[in-house]
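Q: Mind having a look at this structure? Questions to follow.
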Amino acid sequence: MPCVPLTPDPLPGGEREIPPLPVVASLEGEVRDSIQQTLRQLERMPERPTKPVPQTAEPPKPPAPPPIGAMDLAGWAGDDFNRTREALQRALDTAQGRARVEAQIALVRFLLARAMDEEGRAALETAASLSPAPDQRYALRILGDAFRALDREDAPDDNLFVQLPAGAMPDHHVWRGVALAPTRWAAAKEGLPIALRRLLDYPADLRSRLLTTLAAAADEAGDSAALNLIVLEMITVDSKGMADGRLDYFRGRLAELKATPDAALERYDAAAGLRRGPFARRAEVRAIELRRGLGRLDEDGAIKALEALRFAWRGDDVETDALAALGGAYARSGRTDAALDIFGLLGRRFGATARGRDALAAGRTLLAAVLDRLEQSPPGGLYALTLQARHGRLVTLVDGQSGGQDGSLRLRLATLLLRDGYGLEATRILHALTEGATGPRRAELGATLARSLIDGGREGEALDVLARTGGSSLEPALAERRALLRADALLGDGDTVRALDALRGLSGAEAARLRAEGLFAAGEWRAARSAFAELAATGAEPTADDLALQGLSAYLAGDAEGLRGFGESQRARLAGTRWAGLLDALAPPPADGPLRAESVERDLAAATALDRLARGWRKSP
């Protein structure tokens, strides 16, 4: 066997081929095996859960208040008033610490069951000063909310009886309904059947107060079905609290809602026959108003009857609805001064009591009657200004009562002030209304305010108002109205270029008129003349100002022929206006004779003066 050489044959040139190193090949294999082994181990390992992303912990929610328990109002009231009160006072005098607070709470419950709201509020303040425990503070808050409902508070949203679900607890339904009744009758009557059944077991005085609150709210809402249920319960219980004419009064109101005026008059006369108590007097007033509405009593007779009641009741005993009825009669008969005096008298009766809120509601009715009368009177009177100057704060208070949060009565007063030429006072009212409004209502009031500012020559302020009261989700009609106002304000502010740019894309008579006025202000006489001439094509009737500016544009453009034709056709329409002499001033000089320099200077001076006059008159009446 031939012997294999240990070294390869030399290559040409005497070099030898170097074989691959076995060490390197071995290293690559080891690395490859190690990687594969690691991958197999990873495949056999269980998957680790993904680490959750840390989140900011939400603050703990405060625990919900515990439900309101049942009320033993009959037991709290006791059988004998004097004996029960003396026993409660003795317990209060001898108790200490927590027991003293419990004794004070028992006294508050007694006063609530007896419908003694003023004494109850004082007892609540005393209990709060004794450092009650948390559970005692909660019991006192429940009693305090009950007293607030008893006093017909206007803002019941923070009342526990309103905040917490009523569930099946009858007492909760009673106080929830009473708390909501003066302002939100639709929500108040949801639990009315449960409340009426529970009220049958309440002490007489408290039941009478609560039924009266519910009946008054149903009456104001015009809910005859609910008022019928309440009146039936009044008839059923027939307690001493109903012996002052209130039952007959509400039966009369129910008869009116059912359109049976003769039955209503019968009930009113029965209540008025008592001659004492507020419901007897209210029945007298309603009877007078109803007879006047039926034509059985004229306006003068109604005034005499109401005045007799007013003086018979001797000042402080006069009911606010009687004053409102008398003031309304004065307003309808044209005695606006007397109506305003009655309005001021109602304002002096305001307070934090239910009677004060009745005065506000009555004042709102009277203010509406006065505004109705003023809107029918010719422009230029002083009564709107007198109303704002003498009773401006009172108007604001009254307008916020009984669903007037939108400021409808103040807006009517501002409109009257603008009509009569008192722009400064109207602007103040509109400013206050705009600042207190939100959303589309704010944008609408901002447009009204901007209009009054532009008419008063305060275009810069109008632009600021429009910028602050705008929005992106306005109705197209309101958005277009605001765009026209912005263009008008820019034009009055001397920014003609931006005004014309703001009118791009706008159509209609008002946009065409503003565009023509903008061209006139920019000195584009020919374009302005054409724009004013085409104004009639938009469907608008050109005003005397439009015609005058059209004639001035033709004159300044040197269009003698067009001016001559304009004068022939429009002279009659300018007659009797402040532009009556314009055509004579613009008439060209006679054609015979040489053109003199002084004549040219005079014509130019006249044109310049008329231009200034037109600019000054553009927004004046």
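The values are calculated or read from the model by the stated rules, or taken from the named source; none is laboratory data. Predicted model only: the values in this text are computed from it and were never measured. Ideal geometry is used to build each Cβ from the backbone, glycine not excepted, and the neighbour counts take in all protein chains shown. Protein only, heavy atoms only, side chains kept; ligands, DNA and RNA dropped before computing areas. Shrake-Rupley method; radii C 1.70, N 1.55, O 1.52, S 1.80 Å.
Q: In the stretch 233-283, which residue that is free of Cβ contacts under 8 Å to residues at least 12 places away in the same chain and within 18 Å of Glu220 (Cα to Cα) is least open to solvent (accessible area, probe 1.4 Å)?
A: Per the criteria, the residue is Thr260.
Q: Among what's in the stretch 93-115 and is outside any helix (DSSP H, G or I) and closer than 13 Å to Ala146 by Cβ, pick the residue that is least open to solvent (accessible area, probe 1.4 Å).
A: Per the stated criteria, the residue is Ala115.
Q: Oh, and also: Residues in the stretch 499-507: is at least one assigned to a helix (DSSP H, G or I) and among the basic types (Lys, Arg)?
A: Within the stretch 499-507, not a single residue is assigned to a helix (DSSP H, G or I) and among the basic types (Lys, Arg).
Q: Next question, about the same structure. Step by step: first the residues of the stretch 69-88, then only those that are among the aliphatic types (A, V, I, L, M) and in a helix (DSSP H, G or I), then the one that is farthest from Ala115 (Cα to Cα). Which residue is that?
A: Ala87
Q: Please enumerate the residues belonging to the stretch 457-473 that are under 22 Å from Tyr422 (Cα atoms), open to solvent by 20 Å² or more (accessible area, probe 1.4 Å) and part of a helix (DSSP H, G or I).
A: Listed by number, the residues that qualify are Glu459, Gly460, Glu461, Leu463, Asp464.
Q: Pull out all pairs, ordered by first then second residue, where Cβ-Cβ is under 6 Å, the residues are six or more apart or on different chains, the first lies in the stretch 139-156 and is basic (Lys, Arg), and the second is at pLDDT below 85 and open to solvent by 10 Å² or more (accessible area, probe 1.4 Å).
A: These pairs meet every condition: Arg152/Ala354.
Q: Filter the stretch 474-505 down to the residues that are open to solvent by less than 80 Å² (accessible area, probe 1.4 Å) and of a type in the set (D, E, K, R), then identify the one that is nearest to Thr434 (Cα to Cα).
A: Among those residues, the one meeting the criterion is Arg482.
Q: (1) in contact with a Lys or Arg (Cβ under 6 Å, 6 or more places away or on another chain); (2) part of a helix (DSSP H, G or I): which one isn't true of Pro182, the others all being true?
A: Answer for Pro182: the failing condition is (2).
Q: Scan the stretch 108-161 for residues that are within 22 Å of Ala181 (Cα to Cα), touching a helix residue (DSSP H, G or I) at 6+ places or on another chain (Cβ under 8 Å) and acidic (Asp, Glu) and jot them down.
A: Asp117, Asp145, Asp151, Glu153, Asp154, Asp157
Q: If you don't mind, there's one more thing I want to ask. Evaluate the stretch 456-468: report whether one residue or more is in contact (Cβ under 8 Å) with a residue 60 or more places away in the chain and closer than 23 Å to Leu382 by Cα.
A: yes
Q: Let me ask you something else. Can you find even one residue in the stretch 331-348 that is at pLDDT below 90, assigned to a loop (DSSP other than H, G, I, E, B) and among the β-branched types (Val, Ile, Thr)?
A: No.
Q: Return yes or no: is Ala139 assigned to a helix (DSSP H, G or I) and closer than 27 Å to Arg184 by Cα?
A: The answer is yes for Ala139.
Q: A follow-up question, please. Quickly run through the stretch 514-527 and pick out the residues that are closer than 20 Å to Thr538 by Cα, over 34 Å from the mean Cα position of the chain (by Cα) and of a type outside the set (Phe, Trp, Tyr).
A: Arg515, Ala516, Glu517, Gly518, Leu519, Arg526, Ala527
Q: Between a first residue in the stretch 206-222 that is free of Cβ contacts under 8 Å to residues at least 40 places away in the same chain and under 13 Å from Ala195 (Cβ atoms) and a second residue that is hydrophobic (A, V, I, L, M, F, W, C) and open to solvent by 20 Å² or more (accessible area, probe 1.4 Å), which pairs have beta carbons less than 6 Å apart while being 6 or more apart in sequence or on different chains?
A: Ala217/Trp185
Q: Within the stretch 121-170, which residues are of a type outside the set (A, V, I, L, M, F, W, C), open to solvent by less than 20 Å² (accessible area, probe 1.4 Å) and more than 34 Å from the chain's Cα centre (by Cα)?
A: Within the stretch 121-170, Pro132, Gln136 meet the criteria.
Q: Further, regarding this structure: From the list Ala528, Ala544, Ala533, Ala554, which one is among the aliphatic types (A, V, I, L, M), farther than 20 Å from Leu604 by Cβ and open to solvent by less than 40 Å² (accessible area, probe 1.4 Å)?
A: One residue alone meets the criteria, Ala544.
Q: Filter the stretch 394-422 down to residues that are surrounded by fewer than 16 Cβ atoms within 10 Å (Cβ to Cβ) and small (Gly, Ala, Ser) and give me whichever is farthest from Leu374 (Cα to Cα).
A: Gly403
Q: So, in the stretch 82-115, exactly how many residues are over 21 Å from Ser131 (Cβ atoms) and more than 45 Å from the chain's Cα centre (by Cα)?
A: Adding up the residues that qualify gives 7.
Q: Could you grab the pairs with beta carbons closer than 8 Å, sequence gap of 6+ or different chains, first residue in the stretch 470-498 and of a type in the set (Lys, Arg), second one in a loop (DSSP other than H, G, I, E, B)?
A: Arg482/Gly470; Arg482/Leu474
Q: Residues Glu601, Glu561: which one is at pLDDT below 70 and either of a type in the set (S, T, N, Q) or more than 54 Å from the chain's Cα centre (by Cα) (or both)?
A: Glu601
Q: Determine whether Ser208 is small (Gly, Ala, Ser), more than 33 Å from the chain's Cα centre (by Cα) and closer than 26 Å to Glu190 by Cβ.
A: Against the criterion (small (Gly, Ala, Ser), more than 33 Å from the chain's Cα centre (by Cα) and closer than 26 Å to Glu190 by Cβ), Ser208 qualifies.
Q: I want to confirm something. Restricting to the stretch 423-444 and keeping residues that are assigned to a helix (DSSP H, G or I) and out of contact with any Leu (no Cβ under 8 Å at 6 or more places or on another chain), which single residue is most open to solvent (accessible area, probe 1.4 Å)?
A: Here the answer is Arg428.
Q: Could you list, in sequence order, all residues of the stretch 559-588 that are under 24 Å from Arg515 (Cβ atoms) and open to solvent by less than 60 Å² (accessible area, probe 1.4 Å)?
A: Asp559, Gly562, Leu563, Gly565, Phe566, Gln570, Leu574, Thr577, Trp579, Leu582, Leu586
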